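Trainee: First, the structure itself, so that you have it in front of you.
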Amino acid sequence: MMVTFNEVRVFLWSWIPTGKAYAAITLPPFGIFMRKRMSPSGLGTEEGFKRLLDHELIHWEQYRRWGLLGYYGRYLVWLVAYGYKDHPMEVEARERSGIQ
């Protein structure tokens, strides 16, 4: 299933290319991919789904801020330098979305 939210395509799929550890991934310029089980009609809660979508929309803002190469370049370099937990892009998205 695909919906458009704030001009961003959001896909709700049973499977997303993140492995089991993650519930969503932002892949510019294609869209945001979220596990269907996270939606309110799945096993997720409405509040949890909203926070997760907010988190991914912040990544979309980062993409718009830095462009395609700047987004992926920063993400990969900072992932190596900081790891996932302390990654500056993830920290910003968690803080602004209220996900801990």
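The values are calculated or read from the model by the stated rules, or taken from the named source; none is laboratory data. Given the structure is predicted, the values throughout are model-derived calculations rather than measurements. Note: ideal-geometry Cβ built from the backbone for every residue, glycine included; neighbour counts use all protein chains shown.
Trainee: Within region 87-100, count every residue that is in a helix (DSSP H, G or I) and surrounded by fewer than 16 Cβ atoms within 10 Å (Cβ to Cβ).
Mentor: Narrowing region 87-100 to residues in a helix (DSSP H, G or I): 88-97.
Within this subset, residues satisfying the condition of being surrounded by fewer than 16 Cβ atoms within 10 Å (Cβ to Cβ) are 88, 91-92, 95-96.
Within region 87-100, residues that are in a helix (DSSP H, G or I) and surrounded by fewer than 16 Cβ atoms within 10 Å (Cβ to Cβ) number 5.
Trainee: From the set of residues in region 19-41 that are surrounded by fewer than 14 Cβ atoms within 10 Å (Cβ to Cβ), modelled with pLDDT under 70 and of a type outside the set (K, R), which is nearest to I99 (Cα to Cα)?
Mentor: Looking at the filtered set, the residue picked out is A21.
Trainee: Counting just the residues of region 62-78 that are of a type outside the set (K, R) and surrounded by 15 or more Cβ atoms within 10 Å (Cβ to Cβ), which one comes out farthest from G31 (Cα to Cα)? Break it down into steps so the answer makes sense when it comes.
Mentor: Within region 62-78, the subset of a type outside the set (K, R) is 62-63, 66-73, 75-78.
Subset that is surrounded by 15 or more Cβ atoms within 10 Å (Cβ to Cβ): 62-63, 66, 71, 75, 78.
Numbers: Q62: 13, Y63: 11, W66: 16, Y71: 14, Y75: 16, W78: 21 Å.
Among residues in region 62-78 that are of a type outside the set (K, R) and surrounded by 15 or more Cβ atoms within 10 Å (Cβ to Cβ), the one farthest from G31 (Cα to Cα) is W78.
Trainee: Restricting to region 56-100, give me the number of residues that are touching a residue at least 40 places away in the same chain (Cβ under 8 Å) and at positive phi.
Mentor: Qualifying residue count for the region: 1.
Trainee: Then there's this: Given the residues Y71, Y63, Y75, Y84, which is the only one that is under 24 Å from R35 (Cα atoms), outside any helix (DSSP H, G or I) and of a type in the set (S, T, Y)?
Mentor: Numbers: Y71 fails: outside any helix (DSSP H, G or I); Y63 fails: outside any helix (DSSP H, G or I); Y75 fails: outside any helix (DSSP H, G or I).
Of Y71, Y63, Y75, Y84, the one residue that is under 24 Å from R35 (Cα atoms), outside any helix (DSSP H, G or I) and of a type in the set (S, T, Y) is Y84.
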